[in-house]
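One structure is given below, encoded as structure tokens.
The values are calculated or read from the model by the stated rules, or taken from the named source; none is laboratory data. Only a predicted model underlies this, so the values are computations on that prediction, with no experimental measurement involved. Here the Cβ positions follow ideal geometry from the backbone for every residue, glycine too, while neighbour counts run over all protein chains shown. Side chains included, ligands, DNA and RNA excluded: accessible areas come from the protein's heavy atoms. Shrake-Rupley method; radii C 1.70, N 1.55, O 1.52, S 1.80 Å.
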Amino acid sequence: MFHQPRKRFGQNFLSDETVLDRIVSAIHPKSEQSIVEIGPGLGALTKKLLPLVNKLDAVELDRDLIPKLQASCAGLGELIIHQQDALKFDFASVIKNKQKLRIVGNLPYNISTPLLFYLLTFAPYIQDMYFMLQKEVAHRLASAPGNKTYGRLSVMVQYYCTVEILFDVEAVAFNPKPKVDSAFIRLVPYDRPPYFANDFDLFAELVNAAFTQRRKTIRNALGTFISAEALESLNISPTLRPENLTIEQFVRIANQL
Ligand code: SAM
């Protein structure tokens, strides 16, 4: 069944069998686990995962794809398709027997950042997440302090999860070929974040303010939040730049406000 890929849904279908097999072995699904796939598309990955878990929830926005997805997965197991926007989907609603979810997907790149932020609100329900992302976004997610790519996305995601880039994937692995290279990553939410922000919204606001002025020293970038003296008293040099602060230091500042 032919499907004309839709750009507005970020449809770049994975067509490289070797990459698909690497993804499946990285996820290493077991039959009793609850897997939720975001954006199954024509089922390239779904077809491989479904027989291993017998039952799988999939969230797909494009209703035209659904009959093709059903056809390609027929007889492989119980595929429960939620024809919905993953940005609005209630992931907690598919939890069964209090079992945490394993969320996987070759994500539509146009919504990957808001989707990651949205998924973090479900962190307590998630065992792990495996995503194909634009390589540049993957590297920002995994970045450590001191790097040019370290920013708001790195701090906010790493507050909740460990982030690991598993492998890079070239654009030729997809059809149609995207303009950018990709990377496959693993995110594992902490049972308990190693540093706890007493007021999470304030922490998020602080991180946002810091990185909108990332070239300034934190004395200036965070001047409306905290004085240079107060930073000194937290043992944090006011002459550092936001990209040099660890998550622990951001949390320490937020907890002082
Ligand atoms: N998993 C398939 C593969 O690897 O070949 C398709 C991946 S394609 C990059 C992204 C998929 O996400 C498409 O099937 C697209 O229709 C779907 N999608 C786009 N926006 C979505 C949204 N907001 N919620 C759920 N699915 C979405």
Self-check item: Coarse-grained scattering of the range 200-256 at q = 0.29 Å⁻¹, given as base-10 log I(q)/I(0) from a Debye sum over alpha-carbon atoms
Solution: -1.40
Exercise. Rank-order 40-46, 233-239 by packing density, defined as the average count of other C-beta atoms within 10 Å over each peptide's residues, highest first.
Key: 40-46, 233-239
Quiz item: Between residue 169 and residues 5 or more places away or on another chain, which pairs have amide H atoms under 5 Å apart, with H built 1.01 Å from N, and which residues are they?
Solution: 182, 183, 184
Exercise. Tabulate in residue order the Karplus-calculated ³J(HN,Hα) for the range 180-189, using 6.51 cos²θ - 1.76 cosθ + 1.60 with θ = phi - 60°, rounded to whole Hz; enter x for Gly and Pro.
Key: 10, 7, 10, 9, 9, 10, 10, 10, 10, x
Self-check item: Value of [θ]222 nm, deg cm²/dmol, for the chain, DSSP H segments ≥ 4, -39500 (n - 2.57) each, nearest 500
Solution: -9500 deg cm²/dmol
Self-check item: Candidate aspartates and glutamates - alpha carbon under 13 Å from residue 148, same-chain residues fewer than 8 apart omitted
Solution: 136, 243
Quiz item: What residues have an amide H closer than 5 Å to that of residue 37, excluding those fewer than 5 places away on the same chain, when H is modeled at 1.01 Å from N in the peptide plane?
Solution: 57, 58, 59, 104
Quiz item: Tell me, what is the 1.4 Å probe accessible area of residue 90, in Å² to the nearest 10?
Solution: 80 Å²
Quiz prompt | Rounded to whole Hz, the Karplus (6.51, -1.76, 1.60) HN-Hα couplings of the range 101-106, x for glycine and proline | solution = 8, 10, 9, 9, x, 8
Quiz item: Of all DSSP beta bridges in the chain, what percent run antiparallel (nearest 5)?
Solution: 45 percent
Quiz item: Highest GNM mean-square fluctuation, the chain, Cα pairs closer than 10 Å: which of 159, 130, 195?
Solution: 195
Quiz item: How high is the relative contact order of the range 7-189, given as a whole-number percent (alpha carbon pairs under 8 Å, six or more residues apart)?
Solution: 22 percent
Quiz item: In percent, what relative contact order does the range 200-256 have, based on Cα pairs under 8 Å that are 6 or more apart in sequence?
Solution: 40 percent
Quiz item: What accessible surface, in Å², does a 1.4 Å probe find on residue 162, ignoring ligands, DNA and RNA and rounding to the nearest 10?
Solution: 60 Å²
Quiz prompt | For the chain, built as a Gaussian network whose Cα springs stay under 10 Å, the top-fluctuating residue of 97, 106, 54 | solution = 97
Quiz item: When the Debye formula is applied to the Cα atoms of the chain, each taken as the same point scatterer, what base-10 log of I(q)/I(0) results at q = 0.15 Å⁻¹?
Solution: -1.03
Quiz item: List the lysines whose alpha-carbon lies under 24 Å from that of residue 68, not counting same-chain residues fewer than 8 positions away?
Solution: 7, 47, 48, 55, 88, 177
Quiz prompt | Separation between Cα centres of the range 134-167 and the range 64-124, rounded to whole Å | solution = 23 Å
Quiz item: Considering amide H positions built from the backbone, and no H for Pro or chain starts, which residues 5 or more places from residue 15, or on another chain, come under 5 Å of its amide H?
Solution: 174, 175
Quiz prompt | Test item: Cα-centred dipole of the chain, Lys/Arg +1 and Asp/Glu -1 on Cβ, debye | solution = 340 debye
Self-check item: Cα Rg, Dmax (largest Cα-Cα span) when computed across the range 11-62, Å
Solution: 10.7, 30
Exercise. Give a residue-ordered list of calculated ³J(HN,Hα) values for the range 37-42 (Karplus: 6.51 cos²θ - 1.76 cosθ + 1.60, θ = phi - 60°; whole Hz; x for Gly, Pro).
Key: 9, 9, x, x, x, 8
Quiz item: With every protein chain in place, what's the accessible area of residue 55 (1.4 Å probe, Å², nearest 10)?
Solution: 80 Å²
